[in-house]
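FYI, it's all coordinate maths here, none of it is from the lab. The structure presented is a predicted model; accordingly, all values stated were derived computationally and were not measured. Positions of Cβ are backbone-derived with ideal geometry, glycine not excepted, and every protein chain shown enters the neighbour counts.
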Amino acid sequence: MTFKVPKAPLARRTFLRGAIGGTTIALAIPTLEAMIPRKAHAAGLADPIFGLFYWANGLPWHDLHGAEQVGHPDLWTPATQGPDYATSELLAPLAAHKVSVATGLEPKTEVPPDPPGQSDGHMRGFMVALTGDRIRPEGFDHPSHTLTALRPSLDQYVAKHDDFYGKSPARFRSLEIGISPARFHDYGHWNAISYNGPDSLNPATMDPAQLYAKLFNVPGDLVALGRRAKLLDAVRDDAQSLRVRLGAGDRARLDEHLSHLDEIQRRLQLTSGTCDQVPAAPADSGDLMEKTGIMGELLAAALSCDLTRVFSFMLTSPATTHVFANVGVPDGMHKVCHDGSWDYVKVVTTYQMQCLARLLDIFQATVDPMGNSLMDRALVYGVSEYGEGFKHSTKEMPVILAGGCGGALNRGVHTREVDGNLCKVHVTVLRALGITCPSYGFNGAETTEAVSGMLA
Amino acid sequence: MRWGPTSLHAAPGALRTRAGALGLTLGLTLGGCYSGAQPESGDASAGDTEATTGSGSASGSTGSASASAGSASAGESESEGDTDDAPPAFEPGSPVFPRLTESQYRNAITGLFPGPLPRPPLEPDTNPYLFYSIGAASTVVSESGVENYEEAANAIAEAVFADPARRDALLGCVPEAVADACVDGFLAAFGRRAYRRPLTEEERARWLGIASSLADGDPYIGVKMAVMGILQSPHFLYRVELGEADPEAPGRRRFTSYEMAGRLSFLIWNSGPDDELLDAAAADELLSELGITAQVQRMLDDPRARIAIQDFFAQFLDLGRLSGVDRDPLRYPLYHPALPEIMRTEVELLVDDLVYRQGGDIRELFTTRSTFVNSDLAALYGVDAPGATPITFVPVELPSDGPRAGLLTLGAFLTMNAHATETSPTLRGKYVRERVLCETVPPPPPGVNTDIPDDDGEAHTLRERLEKHRSDPLCAGCHASIDPPGFLFEHFDSVGNYRLLDNGYPIDASGDLDGSALSGARDLAERLKDDKRVGNCIVTQLYRHAESRLNEPQELPGLKAIQASFAESGYRFRDLILILATSEAYRTVAEEVDP
């Protein structure tokens, strides 16, 4: 393993904003190297976009996932590394988009012995992939599958970071979109991948009509909207007598509720920030590929109108029970994994990559008047909950980084680091987006390094 | 362990510590599960050792202790941890602060505004430990959930005020000026219904102020804005039930009369209180057993109670999982996409019949040969059902010499606890353990082999293949307690159709429960008839549903008292509601920790 000098934390966008003289930002004393942006966003390119793409149940397992998983070829890891790697069978659907991939990474969080079961790769895997931290030990209950996060998922960390939106957030700081409604349990982290903190989830919108209404049905009566905005001050005041009577835990829940009023109030007061070109009302579909297309078109319209710059896209939820009958898999995905039906898992993984490709196709086809596509601006972090679902191994986590991120991300790179720290991905994402990031990862997963070769 | 009168209230960290200690007992229910030991014999008297008393609070009210040790076992049974011979005294459980569930919100809105209303989207509920109320008490609403509230309040108020007749009926007077006496009187009355208590002077002034400041010269716009604000207030959106010092029991807290009105109405109607209930609270009648009894009897006779009770059973029996069922009609010719919903309806009708028409022992749910079928279910069960159509359910008596009796032989249970291509004795056995008997089954240890071997020429049927799987000692402990009852259902395939063969080989539906040998599902139904765990489990689950959290260890004596009264009543469910509503456990509350 080579030792790398950590990249200094100063962010490019911070630097650029400072240069324009817009916002004053307190900086740690930066090194000279850190002051020099690696590469400014290409001239004329709008601000970067961050997206989280999630698919369930990992990869078809292979020898490197563990002793019990031997006997199957690795169809995921490209045979060559570096730029212009030769694609692999499972990544082939994404080849046209020149996605970058990091392989060999795994969660590094410490696992407390009590309560038992926190080592379950399933829950540990998606928690580290999304938050960079472990499951919250307090309240963890393996028998009932009750778990919660300790901190925000990466999409929310970005959406609420001052380095990202600064003083002018988009209409929506983030959108949460879901495709398959199949779920392992009806509660908590089994049906959402976007978190604000413990027991605070952002459930995905699954209904295209509901997403459409949220994005494009903005009432035009500004006077009435102004009244609604003012009213929220009274709602906030009305809660004060209550909050002082509550215990600390419930008061924190109420305070988070009240803090959401700020964003809603801001939105009600916006006189701009709506789309000039509103797309047609969407259809719905039970077919994952078709629905990815429908939701993807709405998302692309929202992104190109700057209604948001952050999204999460949950194709399937953790441990999904979705039945991929359309590709010949007769049983729910979760069962298929545990049954050890490798061939089915391969078919389903290929299909899920095709769905991601469909989303990226739409981004590629969405081009602004300067000729730049959403793919040029976007950084889409694609990840699943563990390496594979047969034994819940967290070895060889699948990681995709798609898009150019305004020139900050190298496209078409494969970096392999066996037993590497998964949180290097978080560092890579944050630095590419221009967010100050001296290190990321928690409770044993801390790292100051980005995935090598990824940042431009 | 004994809960002295001050042990709870003294130290802010008390709950946290208790929950933490109980966390260590997690997974003990099926004693020595992983080591292959057999569970304790489940004779009837062992049934009330409260295999799953639960512990800790599933609510966020205890902060880091939330949802902890939910399935802690037997940790507080009388025989354990108490060197004293005297039984531990009851101490009240922690206060919770649940948001209204989606159905409670919609029902409360319907109560406030009679007539048709728009149905704006709301954040979906979650059901940790089976119950939406527990999700509502332990989670934080998201930004888009709060935005849903804002938009719903707007849409509802706009709809009501757009119709002058409806608006006038709501107000009951005609305002002559912005924020005049008519408006003030209306807001006081409306506020009482929405907040489930009279507004304070400050609140009344606040909303009257809004009716003035946001009126833009139009009194109706002002009132509409005040209504919109009240609908977004946490006093409406959350159930505020924090109690007051009980003058008759120093050191104790009890729910106020108004808080009791809210508790009773959300328990029995899944909605806010009506004026009569609020009037009873105003007269302070809901502090006495007599006053509560009168209201409970009245409320149970209301149609809203029937729907709410069905809703409780749907959660307790985990029927929501039916919505995730998908089967290939080529593999199961009797299946079509509406069938899971039909199966759910059957259970709802059966529950309603047992509670409201028969009024007898609710445990018959697990043993009765009476049920309700439409034409699909008649075909599935092979019974004559004159009058049944795809949309008409008729009562039928399942044949006395047939394979079916009780919930555990009906489509809903059999289908949702099976896979798309094969049955699952494991899921079915787990359901019997967890849902019917309130025991805890740990999941497979991390990394364990879950691969059920294929038909290798020796193990042909799923049962044989599972038995092979159980030869792994790591798996044997738990599977030995869940598979044997699960095998009893092997005559029913993944949509509940009766079958004689599995994979072309004869079915063996013998099994056992806690060591007593049984043959087939009806044998199990007979065995469950006098198993105390069944009735106790119903009480435990209703209690969790009612309290919006898991029951806590110090409440156990109170819970046991309810279980005993329920048994004395002959397990009549309506009686159970009354027993619960008048119980000490339901009417008292601990002080907020760390306020």
Calculate the mean, over all residues of peptide A:332-340, of how many other protein chain Cβ atoms lie within 10 angstrom of the residue's Cβ. 4
Which residues among segment A:251-289 fall inside the zone where the amide N is under 15 Å from a point 7 Å beyond the Cα of A:GLN354, along Cα→Cβ? A:287-289
Take the Cβ-Cβ distance between B:GLU526 and A:LYS160 as r, set R0 to 60 Å, and report the resulting FRET efficiency rounded to the nearest 0.05. 0.55
What residues qualify as long-range amide H neighbours of A:ALA378, i.e. H under 5 Å apart, gap of 5 or more or another chain, H built at 1.01 Å from N? A:ILE49, A:GLY404, A:CYS405, A:GLY406
Given Cα pairs under 8 Å that are at least 6 residues apart, what percent is the relative contact order of chain B? 21
Students often check this: by mean Cβ neighbours within 10 Å, which of B:377-383, B:300-306, A:275-281, A:443-449 ranks highest, and how do the rest follow? B:377-383, A:443-449, B:300-306, A:275-281
Pairs beyond 31 Å (Cα-Cα), from B:LYS430/B:LYS560; A:LYS346/B:LYS468; A:LYS108/A:LYS214; A:LYS160/A:LYS291; A:LYS214/A:LYS335: A:LYS108/A:LYS214; A:LYS214/A:LYS335
To the nearest 0.05, what FRET efficiency results for B:ASN503 and B:ASP184 with a Förster distance of 56 Å applied to their C-beta separation? 0.15
Could you please report the charge total around B:GLU259, scoring K, R as +1 and D, E as -1 over all other residues with beta-carbon less than 10 angstrom from its beta-carbon? +4
Over all residues in A:211-224, what is the mean tally of Cβ atoms on other chains that come within 10 Å of each residue's Cβ? 1
Label A:ASP361 and A:GLU68 with points 7 Å out from Cα along Cα→Cβ: what is the distance between them in nm? 3.9
Helix runs (DSSP H) in chain A reaching 18 Å along axis by Cα, Kyte-Doolittle at least -0.5: A:222-243, A:288-304, A:342-365
A:ALA248-A:ASP306 FRET efficiency (beta carbon distance; Förster radius 35 Å; 0.05 resolution): 0.35
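How high is the relative contact order of segment B:118-186? Use alpha-carbon pairs under 8 Å, at least six apart in sequence, and give a whole percent.
Value for segment B:118-186: 25 percent.
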P(r) for segment B:528-579, please, calculated from all Cα pair distances in 5 Å bins and given in %. 4, 21, 33, 25, 13, 3
Would you list the P(r) distribution for segment B:318-472, with all Cα-Cα distances sorted into 5 Å bins from 0 and each bin expressed as a whole %? 2, 8, 15, 18, 19, 16, 10, 7, 4, 2, 0
How far is helix B:339-352 tilted, in degrees, relative to the longest principal axis of the Cα atoms in chain B, given as a value from 0 to 90 rounded to the nearest 10? 70
Please give the contour-minus-distance gain from B:ASP284 to B:GLU458: 0.36 nm per residue of separation, less the Cα-Cα distance, rounded to one decimal in nm. 55.5 nm
For segment A:62-78 and segment A:254-332, what is the separation of their C-alpha centers, rounded to whole Å? 34
Placing unit charges on C-beta atoms (Lys and Arg positive, Asp and Glu negative, everything else neutral), compute the dipole magnitude of chain B about its Cα centre in debye, rounded to 20. 400
What's the angle, to the nearest 10 degrees (0 to 90), between helix B:289-300's Cα axis and the longest principal axis of chain B? 70
Between B:ALA162 and B:ASP326, 0.36 nm times their residue separation minus their Cα-Cα distance comes to what? 54.7 nm
For chain A, just say rounded, prolate or oblate: build the C-alpha gyration tensor, square-root its eigenvalues into a ≥ b ≥ c, call rounded for a/c under 1.5, and beyond that prolate if a/b exceeds b/c, oblate if not. rounded
Answer in debye to the nearest 20: the dipole magnitude of the protein assembly as shown about its Cα centre, from +1 Lys/Arg and -1 Asp/Glu charges placed on Cβ, is 2980
Any idea what % of Cα-Cα pairs in segment B:479-595 are farther than 22 Å? 53
In deg cm²/dmol, rounded to 500, what helix-only [θ] at 222 nm does chain B give when every DSSP H run of at least 4 residues adds -39500 (n - 2.57) and the total is split over its residues? -13000 deg cm²/dmol
Projected label distance in nm at A:VAL418 and A:ASP255, using a 7 Å step from Cα toward the beta-carbon: 4.8
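From other protein chains only, count the Cβ atoms within 10 Å of every residue's Cβ in B:320-328, then give the mean.
4
Mind ranking A:381-394, A:56-69, B:570-583 by how tightly packed they are, going by the mean number of other C-beta atoms within 10 angstrom, highest first?
For the peptides A:381-394, A:56-69, B:570-583, the packing ranking is A:381-394, A:56-69, B:570-583.
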Relative contact order %, segment B:278-408, counting alpha carbon pairs below 8 Å whose residues are six or more apart: 17
Gyration tensor verdict on the protein assembly as shown (Cα atoms; rounded if a/c is under 1.5, prolate if a/b is larger than b/c, oblate otherwise): oblate
Enumerate the amide H contacts of A:ARG183 below 5 Å, restricted to partners 5 or more residues apart or on another chain; note that Pro and chain-start residues carry no placed amide H. A:THR321
Rank-order B:153-163, A:146-156, A:123-133 by packing density, defined as the average count of other C-beta atoms within 10 Å over each peptide's residues, highest first. A:123-133, A:146-156, B:153-163
Rounded if a/c under 1.5, otherwise prolate or oblate - segment A:35-174, Cα gyration tensor axes: oblate
